[in-house]
1. Mind checking which residues of region B:119-135 are assigned to a helix (DSSP H, G or I) and facing chain A (nearest Cβ under 7 Å)?
2. Any idea which of (1) within 10 Å of chain C (Cβ to nearest Cβ); (2) modelled with pLDDT of 90 or more; (3) in contact with a helix residue (DSSP H, G or I) (Cβ under 7 Å, 6 or more places away or on another chain) is the one A:TYR115 doesn't satisfy?
3. Taking the criterion of being of a type in the set (S, T, N, Q), assigned to a helix (DSSP H, G or I) and modelled with pLDDT of 85 or more, would at least one residue in region A:13-28 satisfy it?
4. Take the residues of region A:78-112 that are part of a loop (DSSP other than H, G, I, E, B) and either buried (at least 20 other Cβ atoms within 10 Å of the Cβ) or among the β-branched types (Val, Ile, Thr) (or both): which is farthest from the other protein chains (Cβ to nearest Cβ)?
5. Looking at region A:121-154, which of its residues are in contact (Cβ under 8 Å) with a residue 60 or more places away in the chain, surrounded by fewer than 19 Cβ atoms within 10 Å (Cβ to Cβ) and in contact with a Ser or Thr (Cβ under 8 Å, 6 or more places away or on another chain)?
6. Please name all residue pairs, on different chains or six or more residues apart, with Cβ atoms under 8 Å, provided the first residue is in region A:212-240 and is more than 20 Å from A:ALA172 (Cβ to Cβ) and the second residue is acidic (Asp, Glu) and outside any loop (DSSP other than H, G, I, E, B).
7. Charged (D, E, K, R) and within 30 Å of A:THR65 (Cα to Cα): which single residue out of A:GLU36, A:GLU5 fits that description?
Amino acid sequence: MWSSERFRNIVYQIALLSLVGALIGYAAYNLVHNLESRAIAIGFSYLGQEAGFDVSETLIDYEPTHSYARAFVVGLLNTLFVSAVAIVAASVLGLVVGIGRLSPNWLLRKLAGAYVESVRNVPLILQLLLWYGVLTELLPPVAEAIVLGSAFLSQRGISLPWPTPHAGWWAALLGLFLAVLFAFLWARAVRRRRERAGRAPAVLWPSLAAGVVLPLAGWAVFGAPSELSTPAMTGFGFEGGKTVSPEFIALFLGLSVYTAAFIAEIVRGGILSVSRGQSDAAEALGLSRGQRLRLVILPQALRVMIPPLTSQYLNLTKNSSLAVAIGYPDLVSISNTTLNQTGQAIEAITLMMAVYLAVSLAISGLMNWYNHRVRLVER
Amino acid sequence: MDPTAAHVIPPNAEEIIRIEGLNKWFGDFQVLRNISLSVRRGERIVICGPSGSGKSTLIRCLNRLETHQSGTVIVDGIKLNDSLKNIEAIRNDIGMVFQHFNLFPHLTVLENCTLAPIWVRKQPRATAEATAMKFLERVRITDQAHKYPGQLSGGQQQRVAIARALCMAPRIMLFDEPTSALDPEMVKEVLETMVSLARDGMTMLCVTHEMGFARAVADRVIFMDEGEIVEQAPPEIFFSQARSERTRQFLDQILDH
Amino acid sequence: MHPPASAHRPFAARSLDWLRENLFSTPANALITLLTLALLLWAGSSFVSWAVLHAVWGRADVATCNALFGQGACWAVIADKWRHMLFGIYPQGEQWRSALAVVIFCAIIVLSAMRAFWHVWRLLALWLSGSLLCAWLLAGGFALTPVPTALWGGLPITLMLAVFGTLFAFPLGILLALGRRSALPIVRAASIVYIELVRGVPLITVLFMASIMFALFLPEGVSFDKLLRAQVAIVLFNAAYIAEIVRAGLQALPRGQYEAADALGLGYWQTQLLVILPQALKITIPAQVNSFIDNFKDTSLVIIVSIFDFLYAVRQAVISDLDWRHYFVEGYLFAMAVYWLFCYAMSHYSQWLEKHLSRDHRL
């Protein structure tokens, strides 16, 4: 019987299962025992308890009297927000630097190259510590804040006048959304027109115009509010307005600059991957430089760029967890405070990992779907 | 390959390409030396020579895929210089077929052919597609119109490349070693397409090693070596009574396969 | 454009040509050049003035530095604290052992880059013997005075975390890669779960898990050395990434290799060890080098769980001293320089490797 491969396979698998099961069982036994002796409950009920700690910046309302669950959500939103903003900034910067590395101008090429080589080879946490350290050193204390009109620059960060909530601003936001919708529909209509008649109106300028006019209209129609809440110094901080903390600025700059270096290499690799023959053929057919880039080179380059780009976006989101080193209240930071206060280490860490895992799987799932949709069809 | 009936170019055929004293350097290396050439409308020219002789560079200079440093090139009365307007006008007149096909892999065969007519000539899609189908039929590949290049064989891809170039109604067709990258059994279908194109009166400049094609179709065979035109003559004379020693050596090598 | 009349034009004329072509070929290009130069000069001059011209070099006391605060860099902080930054709180008399360990770790990395070592057993022997030697140097025992891990710190720790972190992660990574491609459903499931789980979470969470949760999984009274916990976390983390690289290598091998081995009558493990893995690992060498560079950079994260690595040492050295604590920028720049040197050298090597390996069909 031993010589039968199938039998052996089953035995191996059962052995593996038993081993893993035994390990888990042993660990679980110790865990329960240890937690009991420390009088710590197992379970997620602690999430309903009052948090008792304050969070320095939140996107939603939060008071120390709120629950741990709400604190967790605050941290999660902070993580997602800084990641999203940094992804956009890193992509734009990476695109510019990547194209700069291919520029016919020697100075630009070398400069872009120096940027990539210096940023890529230093650990991110060190860059974050440096950004944060420099910012806190350079920024003056609140009492001696630099005044720029009605804005203030101090150790608390940048304090800006911010519009007070009013229907007019929401209408402007709606207008922006409608403008984007308009741009899509307009592009589609233009494409149909071109197919039918050959000549067609432009897409870019009307879309940009809509992007300006529609929000403006919404703002005007709903009362044209212009009331701003201006920051005013009060002791150790500012009341009113919106303050962007140095922690956020340091994290945003650090993540963007670091990830942009990798994205620049991806962009360069993508554009180089399209063979010279493709642009030769497009040139020979009479396509202009812009048309060559848009219709032939970029579609092919993008297909090559998407998988590594996905992985960089994922890295950025995971790297945002380094916020804990500079005091930005992200998911890890708040979970850390929670588990220090409640002792519910297992639950807190599991929750943290589960969230990151979910975000990772969501982003890779999305990218894989898109990748599959645009793949080049071959035999 | 069926020999065509003797091809006679009308004596008053206009000169469609004139090259005088063309010189080109790649850095310090001179790749074209003092080339002078005159091509009349309807002429079929085959250019041959050892690799590195500059033959591909020469035809790539004609549609400004390569730039020349000195000498004049006049295509269909338009002078080839840095002026974008001139370059565009010349590219309108010239179609090119590449050794590695260079079809756009993210577009279907039909879309490959209609891309330039739609975006450069601003034709409506319906017109462009009708023209494309006409030329796809000409190269006998209509059933593949909605396939992607990756799904076709090399010979099929090259025929699509020829159709794509024809869709822009060029007066001159340039072929840069069109069959060198093909498996032997596919060379025939592409050469047949080129022969039928020649029979319809297209002015052609063809860089190739296929001497059978040259014998059947060419009005003139040009031998280039080390950047110079060493010899040019009608095929009957070129193949049997080559004057230069270098030409004879080259012919020995390639005709002996 | 002007044709060069000959290759031997005077240097001045050729330089002008180069300038014209590369920097001033079109009006737009010229504008970019001028703008970039202006920017560089403005930013560069302020930095150079701070970092070099007005800086305090060599040993100096705090007062001199304080006088120039903001205008000149205080490199004296490094002259004063370099021992601290490089070796942490390792006993001063024994620091030669730390230094030697750093040299040996570097030697391991450099020797691995040489083709002479690209055989499994030689590499294994190199890494194992080097690591054991370093462990003995740092820990002591036998001929050397023992030094407890609580006193270890600085650059040797960073190198140790990276080298051990790769050495032990490799076999685990290979097993995971094989497991992921296995026909046995449970083995494959377990591998996939492990790999996707570890790759989907940040290293910090794994470090937290190791430093906080591990203790809870062990019987009461059994404690785990803090450094060991971090090391284990790094090994487990790296294993998942190495597994994916090895898997790519396994997938790149043509099926014919497996078929030939089968036809010869080789069993599963024989096929893997003798035929498949040697080839797969060779194919993925550039990716492995890049992974090692990332691994090296990631060791700096242990500062968050209070492990005394190089970054922690630099930070401690400056911040814990009340006099010098304002000069952390100089400290960070010093740390950046060291990390940059290591990583740039390795990444340069990796790029060279990729070029050479693709040209060189026979390995």
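The values are calculated or read from the model by the stated rules, or taken from the named source; none is laboratory data. What you are looking at is a predicted structure, and each value in this text was computed from that prediction instead of being measured. We place every Cβ from the backbone using ideal geometry, glycine too, and count neighbours over all the protein chains shown.
1. Passing the criteria: B:TRP119, B:ARG125.
2. The single condition A:TYR115 does not satisfy is (1).
3. yes
4. Within region A:78-112, the match that is farthest from the other protein chains (Cβ to nearest Cβ) is A:ARG101.
5. A:VAL142, A:SER150, A:ALA151
6. Going by the 8 Å Cβ cut-off, the qualifying pairs are A:PRO231/A:GLU239; A:ALA232/A:GLU239.
7. Criteria check complete, one pass: A:GLU36.
Yes or no, residue by residue, for (1) under 19 Å from A:SER360 (Cα atoms); (2) in contact with a Lys or Arg (Cβ under 8 Å, 6 or more places away or on another chain):
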{"residue": "C:SER182", "(1), (2)": "no, yes"}
{"residue": "C:ILE186", "(1), (2)": "no, no"}
{"residue": "C:ILE195", "(1), (2)": "yes, yes"}
{"residue": "C:MET213", "(1), (2)": "no, no"}
{"residue": "C:LEU216", "(1), (2)": "no, no"}
{"residue": "C:GLY221", "(1), (2)": "no, no"}
{"residue": "C:GLN231", "(1), (2)": "no, no"}
{"residue": "C:VAL235", "(1), (2)": "no, no"}
{"residue": "C:ALA240", "(1), (2)": "yes, yes"}
